[in-house]
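A short write-up of the structure that comes next.
The values are calculated or read from the model by the stated rules, or taken from the named source; none is laboratory data. Small disclaimer: the values here were computed from a predicted structure and weren't measured. In this analysis, Cβ positions are derived from the backbone assuming ideal geometry, glycine residues included, and neighbour counts consider all displayed protein chains. Surface accessibility is based on the protein's heavy atoms, side chains included, excluding ligands, DNA and RNA. Shrake-Rupley method; radii C 1.70, N 1.55, O 1.52, S 1.80 Å.
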Amino acid sequence: MTTPIVIIGAGGFGRHAHDVVDAMNASSPTYEMLGFLDDGRPDERLLHERNADLIGSVSLLEELPVDVNYVIAIGSGDVRRRIDRWATSLGRKAATLRHPSSTLGRHVALGEGSVICSHVSIGTNVKIGRHAHINFNCTVGHDAILSDYVTAYPGANIAGNVFLGESTTVGSGAVIIQGLSVGADSTIGASACVVRDLPSRVTAVGVPAKAETGRTDSHGWGAT
């Protein structure tokens, strides 16, 4: 018996999440995809091509049957955090998506709502928080802790014993060497190499990565 699911966010990562649902179902029927929720104006042609529909705004989640699961496929960790708190207050259950091609070591904990894309490799004794996004071809080393709402873009390499604070973003191809800590709401630029601890709410770029600016998160639920 499959579980009905909606994907919140109908942009590029929303379609990635749909691909993960399809791959999971091909391996073992798990979810019945009802459609996408989005407050913006996504390209509905792309949704129709994958036999999916935009069924309404994010607020529609409140009206759907209680057995409908959801996943938040929006890039901003801050937006995911706010939608998560709202959905949790409604008593809604978040689905956890893991592509069958991903590999996980022993004692890996995946938080509710997390999305693990194709060809991700996660080592042993790793904790992934709520609504974290681990994009395709990422690696996460042993004993790492990725807090709630972390985003790792394609090809990011996070070494062992790394701690990432809540809503941290790791850009495509970035590397964080072993044993380091990155504070909450910080952004690591694409292809950066982090070689020392970083505080909260900074943007770090370059090799070695240097903290350059503070970051102000956008508001609203429209970011996809």
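Here are the numbers:
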quantity	calculated
Solvent accessible area, Å² - His107, 1.4 Å probe, full protein context	140 Å²
Accessible area per residue, Å², the chain with all protein chains present, probe 1.4 Å	43 Å²
Rounded D (µm²/s) - the range 166-213, Kirkwood Rh over Cα pairs, Stokes-Einstein at 10 °C, 1.306 mPa s	158 µm²/s
Shape box of the range 137-194 [Cα atoms, principal axes, largest first, Å]	22, 20, 17
Probe 1.4 Å - accessible area at Thr2, Å² to nearest ten	60 Å²
Computed log₁₀ I(q)/I(0) - Debye formula, equal Cα scatterers, no solvent, the range 53-166, q 0.10, 0.11, 0.12, 0.13 Å⁻¹	-0.30, -0.36, -0.42, -0.49
Assigned charges on the beta-carbon of Lys, Arg, Asp, Glu; the range 77-215 dipole about Cα centre (debye)	300 debye
Solvent-accessible area, 1.4 Å probe, carbon plus sulfur percent, for the chain	51 percent
Pairwise Cα inverse-distance average, inverted: Kirkwood Rh of the range 1-130 (Å)	15.0 Å
Sequence of Arg196, Arg92, Arg98 when ordered by accessible area, the most exposed leading, probe 1.4 angstrom	Arg196, Arg98, Arg92
Area of Phe13 that stays accessible when all protein chains are in place (1.4 Å probe, Å², to 10)	20 Å²
